[in-house]
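Shown next, in C-alpha cells, is the structure this report addresses.
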Amino acid sequence: MRIFLALSAASILAACGGGSEGIAVQGDFAPGGTLPGRVFAVEARVDAEVRDDGFEIDGLATSPISLRLVQSGDTVGRIDIADLPPGSRAVLHELRTDRRSGRSFPSTVELTGAQSVTVNGIRMMNEDALPGTVDAGGVVLAASRDRGALLVRPADERLPDLRVVVTPVTAVLTSDSLAADIATLSIGDSVRVHGNPERGFIVADRLTLPLASAAPTVSSTGGEDEVSSTASGSGGSTSSEPVRSSEPAASTPAPAVVRRAPAPAVRAAPQERGRGRGKDRERERGGGNGKGKKGKG
C-alpha cells in the first residue's frame with residue numbers, strides 16, 4: 001500500500017509538472033521598457049514575481065506553455081512557448097513587448113536540454129546554432145512595410161527562423177544576378193539570405209528573390225511597353241513618331257508665307273497694266289492733237 005501511494009504521488013507530481021522532468025522558463029527584460037509586476041503561467045496556474053528585471057518559473061508541465069505578463073492586474077504582454085521537451089530549460093533574454101500584437105519577444109534564447117523552442121510562433125535556437133555566415137533559402141513569414149526587416153523560415157530545420165535586417169547596402173538580386181526591387185517581395189515568397197549574425201539578427205549583404213523581375217526592366221521598360229503598345233505596328237523605334245508628328249507643325253507657317261509673297265505682285269501687275277494703258281490713251285490723244293496742230297499749221 002505504501003508503495004502504491006508513493007507511485008501515485010510521483011505520478012501526480014509529474015502530471016502537475018512538479019517532478020524532475022518539469023520544464024523551467026526564465027526571462028529578463030530589455031532595458032528601458034516597462035517591467036511587469038508578475039508573470040503568470042496559465043496552464044499550471046502559478047505565477048512568479050519579477051525581481052531584478054527578471055523572473056523564473058520551474059516545474060512546468062510539457063509545453064505548450066502560455067505566460068502572461070501582468071501589471072496591476074492587467075495583462076501587458078503574452079508569451080506562448082511550444083516544443084520544449086520535459087526536463088528542459090529556456091532562458092528568454094531581453095524580452096520586449098510589441099504594442100500592436102501585445103506579444104513579448106526575446107532578442108535571444110538560451111536553451112538547455114532542447115535544440116529549439118517556438119516563441120510566439122517563431123522558431124528560436126541558441127546563438128551558436130547559426131554559422132559564422134548564413135546562406136540559406138526559405139519563405140518569408142513576415143515583413144515590415146518598407147521591407148527593412150524580414151522574418152524568414154529556412155528550409156533547413158537545423159536553423160532557427162531568421163530575423164533579417166535589410167540595409168541600404170544590401171544587394172537585392174534576381175536568380176540571374178540582376179538587380180531586383182525588394183518592394184515586390186510579399187509574405188509567402190521564397191528568398192535566399194546571405195549575411196552575418198549579430199545579436200540574434202542576420203544583417204543581410206545579399207538577398208536573392210527567385211521569382212522577382214529585374215529592377216531596371218520593371219522601372220524602365222514599363223513606360224516603353226506602354227509606348228510600344230500604343231504604337232504597335234509602327235515597325236520602328238518609338239523615337240520616329242514624335243519627329244513625324246512635329247513636321248506638320250513646323251511646315252504649317254510656310255504656305256502662309258508663300259501665299260502672301262506673290263499677292264503684291266499679283267496686285268501690282270494690274271496697276272502697271274492700268275498705268276500703261278493710261279499712257280497709251282494719252283499718247284493716242286496727244287498724237288491726235290499733234291496731227292490737228294500740224295494740220296492747222
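The values are calculated or read from the model by the stated rules, or taken from the named source; none is laboratory data. It should be emphasised that the depicted structure is a prediction, and the values quoted were computed from it without experimental measurement. Cβ: placed from backbone, ideal geometry, glycine included. Neighbour counts: every protein chain shown.
For Gly138, indicate whether it is assigned to a loop (DSSP other than H, G, I, E, B) and in contact (Cβ under 8 Å) with a residue 40 or more places away in the chain.
no
Residue under question is Thr108, and the condition is that it be surrounded by fewer than 18 Cβ atoms within 10 Å (Cβ to Cβ) and under 20 Å from the mean Cα position of the chain (by Cα); does it hold?
no
In this structure, does Ala142 turn out to be of a type in the set (A, V, I, L, M, F, W, C), under 23 Å from Arg199 (Cβ atoms) and under 19 Å from the mean Cα position of the chain (by Cα)?
Yes.
Which numbered condition trips up Gly73, out of (1) over 25 Å from Asp161 (Cα atoms); (2) under 37 Å from the mean Cα position of the chain (by Cα)?
Of (1) over 25 Å from Asp161 (Cα atoms); (2) under 37 Å from the mean Cα position of the chain (by Cα), only one is false for Gly73: (2).
Of the residues that sit in segment 67-88 and are outside any loop (DSSP other than H, G, I, E, B), among the charged types (D, E, K, R) and in contact with a strand residue (DSSP E or B) (Cβ under 8 Å, 6 or more places away or on another chain), which one is nearest to Gly113 (Cα to Cα)?
Among residues in segment 67-88 that are outside any loop (DSSP other than H, G, I, E, B), among the charged types (D, E, K, R) and in contact with a strand residue (DSSP E or B) (Cβ under 8 Å, 6 or more places away or on another chain), the one nearest to Gly113 (Cα to Cα) is Asp80.
Return the residue satisfying two criteria in turn: it lies in segment 17-41 and is assigned to a loop (DSSP other than H, G, I, E, B) and under 38 Å from the mean Cα position of the chain (by Cα), and of such residues it is nearest to His93 (Cα to Cα).
The qualifying residue nearest to His93 (Cα to Cα) is Ala30.
What's the total number of residues in segment 89-108 that are among the small types (Gly, Ala, Ser), more than 18 Å from Ala48 (Cα to Cα) and in a strand (DSSP E or B)?
Of the residues in that region, 0 qualify.
Does Ser63 satisfy the criteria of being in contact with a His (Cβ under 7 Å, 6 or more places away or on another chain) and surrounded by 14 or more Cβ atoms within 10 Å (Cβ to Cβ)?
No.
Out of the residues in segment 17-53 that are at pLDDT 95 or above and closer than 17 Å to Glu110 by Cα, which is surrounded by the fewest Cβ atoms within 10 Å (Cβ to Cβ)?
Only one residue fits best here, namely Gln26.
Could you figure out which of (1) touching a residue at least 60 places away in the same chain (Cβ under 8 Å); (2) surrounded by 14 or more Cβ atoms within 10 Å (Cβ to Cβ) isn't true of Arg153?
The number of the failed condition is (1).
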